[in-house]
Amino acid sequence: MAGRSRELVVQSCSSRCSRNSQARRFSRCQGRRRAATSQASIQLFPWRSDQLSYSAAGQASSMGSRARSGHLAPDFMILNRRKAEDQRRVFDEKCKSDASVERFAHWEHKTAGKIERNTVTRKVETMKQDMKEELNERRSKLAALLAEEDARYTAELSSFEETPEMRRDRLKARARELMRRREQEKREFAVLMRERQFRESCDAFREHDGEQLLHECVVARERALEEKEENKQRQKEENEMWHNKLLDLVRKSEEREMNDKNRQMELRSEMLHTLQEQIQELQARRDEDERLKQEEARLMRERFELDLAEAKRKEHERAEMQAEKKLAVARHNALLRAEKDAEIRRQQEEDLKLLNAMLDKERRAEEAELQYKAQLRQQAREYQAQLIELMKKEAVDEAASEAIRKAEQEKAWRKREEVWEKERAAREKLMKEVLQTRREQLQQRIEQNRREREFAMEEKERMVREVDDIEQQNALQAEIRKRIAKEHQRDILTQIEVTCCIPCQPAFTRVPSRKPRTRCEERWRSRPWSLRLPGGRKLHTRSVSSLAPLAPHALRRQNWPRRCWCRSH
């Protein structure tokens, strides 16, 4: 097809070039014909040249005479009319010749185009005819192949079909094979039983089996003892390891307690040093101006107010945070409860679906088994009928053997039915056990869900108690901070009063002795301490260190005096 199309393109290009060359030749021929026509007219009509020259001469003479006389000659109009008629005739002849030449050229050009189109059309029709013949040939080949395959497959299918004679021969061969296999199994079983009877009746074999069994028992006992010793050794190593870990924990706890004690001693020494520095600073500032003292007092009051406002704001924020936490915990518990209820419902539905599916499966299995048994009975009956027919055809003297075989078949069938009955009873028993186990599992699941709900309720109550404890601790800390702030303010005011009173005292009473101040501090530290807890309860203690876990930096003494209560002061 590609070669033919290429040939058509080449032919069309060549025809186009030939048409262009023909048009050029036609234009050249037309020019030559016009020149030849004018030359031929001169040769054919020579008088016209003389007439033209005469008319030109007459025109010139008439023009000269007219120029001389001043008016036109009498034959001037005739000459002009003749001249116009000659020109019109020459023009008409030339037009006719040109029209004839043009018609001839147009005919030639049209004929060449038509010939080319007809050639292309014939070639295209030839190509189409060839393609159609090729397609018909391929179709015929495919039809032949299809018919051949149909015939081959028909022959194969006909060869696969089983005829009654072939089926009868196959059943006979199967019956013989089954009989041979049954006899072989019986012989093998008899040989096995004889060998077992011989081993049981022979003393040597029994002694050998007993020794072997005793040896196996001894080996098993030794292996058990070794495993027991290994377990004891491993348990001992684990006990030693945990004992060492416990000793390490005790040692670490003792070191931690010693470190805590050292840190408490350091904190106490630092606090004493801080108190000494504060006393020295107070002694150094006694000479300052009254204006600075008043300004400092004012600034301290403002700072106290700011601290109090900040403490109130933080307390309010903490209360809001605790309320949000309570709400979040309640929402979370509700969500957990809903999820657990949904999970319990989903598990119950799944258990019910699983139980129904198991029952359906057992029912389908029983139906399939009954159907299979019926099919086996039908096959057995057919097989029995075929064997009977075969034996009748083979020989008449085999009636006794046939009766014996039939009795054996009935005996085997009864044994098979007994086995099936036992299997059915075992399946029913297994089904009852499965159902009972499933009920127990469901009961255990329900009990587990109940325990989980109780545990969730206990966890919720514990969380509520923890939240209450946290709230109480927060309230206790707030109360401690509030009291510390009040005591701090009171201490500042006391210091201000003492500072204000010092200039009025004599010189020998301005600097108190160091030793009574120390006794006073010791007596002050040895006094009992108490804290007021939320709900009106009080916490009493004999030492400051016992209150450290509650509030390390927030201790207050009961009935804090505005001034020192020592008698020496």
- Message: Quick check on the stretch 325-342. Is at least one of its residues under 30 Å from Asp491 (Cα atoms), in contact (Cβ under 8 Å) with a residue 12 or more places away in the chain and surrounded by 11 or more Cβ atoms within 10 Å (Cβ to Cβ)?
- Response: no
- When you go through (1) touching a residue at least 12 places away in the same chain (Cβ under 8 Å); (2) under 52 Å from the mean Cα position of the chain (by Cα) one by one for Ala175, which number turns out not to apply? (2)
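Give Phe160, Phe76 a once-over and let me know the one that is among the aromatic types (Phe, Trp, Tyr) and over 60 Å from the mean Cα position of the chain (by Cα).
Working: Phe160 fails: over 60 Å from the mean Cα position of the chain (by Cα).
Selected residue: Phe76, the only one of Phe160, Phe76 that is among the aromatic types (Phe, Trp, Tyr) and over 60 Å from the mean Cα position of the chain (by Cα).
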- Query: What number of residues within the stretch 378-408 satisfy the criterion of being surrounded by 13 or more Cβ atoms within 10 Å (Cβ to Cβ) and either modelled with pLDDT of 80 or more or of a type in the set (D, E, K, R) (or both)?
  - Reply: 4
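Yes/no matrix, rows are residues, columns are (1) touching a residue at least 24 places away in the same chain (Cβ under 8 Å); (2) surrounded by 11 or more Cβ atoms within 10 Å (Cβ to Cβ); (3) among the charged types (D, E, K, R):
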residue: Gln436; (1), (2), (3): no, no, no
residue: Glu440; (1), (2), (3): no, no, yes
residue: Ile446; (1), (2), (3): no, yes, no
residue: Ala456; (1), (2), (3): yes, yes, no
residue: Glu459; (1), (2), (3): no, yes, yes
residue: Glu487; (1), (2), (3): yes, yes, yes
- Query: Taking only pairs six or more apart or across chains, which ones have beta-carbon atoms under 9 Å, a first residue in the stretch 141-167 that is assigned by TED's automatic domain parsing to the domain that holds Leu390, and a second residue that is surrounded by 10 or more Cβ atoms within 10 Å (Cβ to Cβ) and outside any helix (DSSP H, G or I)?
  - Reply: none
- Taking the stretch 135-170 and keeping only residues that are farther than 30 Å from Leu390 by Cβ and of a type in the set (Asp, Glu), one is left with Glu137, Glu148, Glu149, Asp150, Glu156
- Message: Could you list, ordered by first residue, the pairs with Cβ atoms under 6 Å in which the first is in the stretch 180-208 and closer than 28 Å to Ala412 by Cα and the second is loosely packed, with under 10 Cβ neighbours inside 10 Å and aliphatic (A, V, I, L, M), at least 6 apart or interchain?
- Response: none
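Which one of these is exposed (fewer than 11 other Cβ atoms within 10 Å of the Cβ) and closer than 29 Å to Leu435 by Cα: Lys373, Lys361?
Selected residue: Lys361, the only one of Lys373, Lys361 that is exposed (fewer than 11 other Cβ atoms within 10 Å of the Cβ) and closer than 29 Å to Leu435 by Cα.
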- Item | Residue check for Lys432: more than 38 Å from the chain's Cα centre (by Cα), within 27 Å of Glu349 (Cβ to Cβ) and not hydrophobic (A, V, I, L, M, F, W, C) | yes
- Query: Could you say whether any residue in the stretch 293-302 is over 27 Å from Val467 (Cβ atoms) and touching a helix residue (DSSP H, G or I) at 6+ places or on another chain (Cβ under 6 Å)?
  - Reply: yes
- Message: Please pick out the residue among Glu320, Glu290 that is without any contact (Cβ under 8 Å) to a residue 60 or more places away in the chain and within 30 Å of Val464 (Cβ to Cβ).
- Response: Glu320
- In the stretch 458-477, which residue that is modelled with pLDDT of 85 or more and of a type in the set (A, V, I, L, M, F, W, C) is nearest to Arg337 (Cα to Cα)? Ile470
- Only one of these is out of contact with any Pro (no Cβ under 7 Å at 6 or more places or on another chain), over 30 Å from Asp491 (Cα atoms) and modelled with pLDDT of 90 or more: Glu207, Glu200, Glu226, Glu211. Name it. Glu226
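Restricting the search to the stretch 287-304, which residues are acidic (Asp, Glu) and either surrounded by fewer than 11 Cβ atoms within 10 Å (Cβ to Cβ) or touching a Phe, Trp or Tyr at 6+ places or on another chain (Cβ under 7 Å) (or both)?
Residues of the stretch 287-304 that are acidic (Asp, Glu), as a first pass: 287-290, 295-296, 302.
Listed by number, the residues that qualify are Asp287, Asp289, Glu290, Glu302.
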- Somewhere in the stretch 174-192, is a residue under 21 Å from Gln379 (Cβ atoms) and at pLDDT below 85? no
- Task: Would you mind stating whether Ile502 is at pLDDT below 85, touching a Lys or Arg at 6+ places or on another chain (Cβ under 7 Å) and either among the β-branched types (Val, Ile, Thr) or part of a helix (DSSP H, G or I) (or both)?
- Result: yes
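Test Glu238 against the stated conditions and say whether it is free of Cβ contacts under 8 Å to residues at least 24 places away in the same chain and in a helix (DSSP H, G or I).
Working: free of Cβ contacts under 8 Å to residues at least 24 places away in the same chain: yes; in a helix (DSSP H, G or I): yes.
Yes.
The values are calculated or read from the model by the stated rules, or taken from the named source; none is laboratory data. As the structure is a prediction and not an experimental result, all values here were calculated from the model. Heads up, the Cβs are rebuilt from the backbone with ideal geometry, glycines too, and the neighbour counts pull from every protein chain shown.
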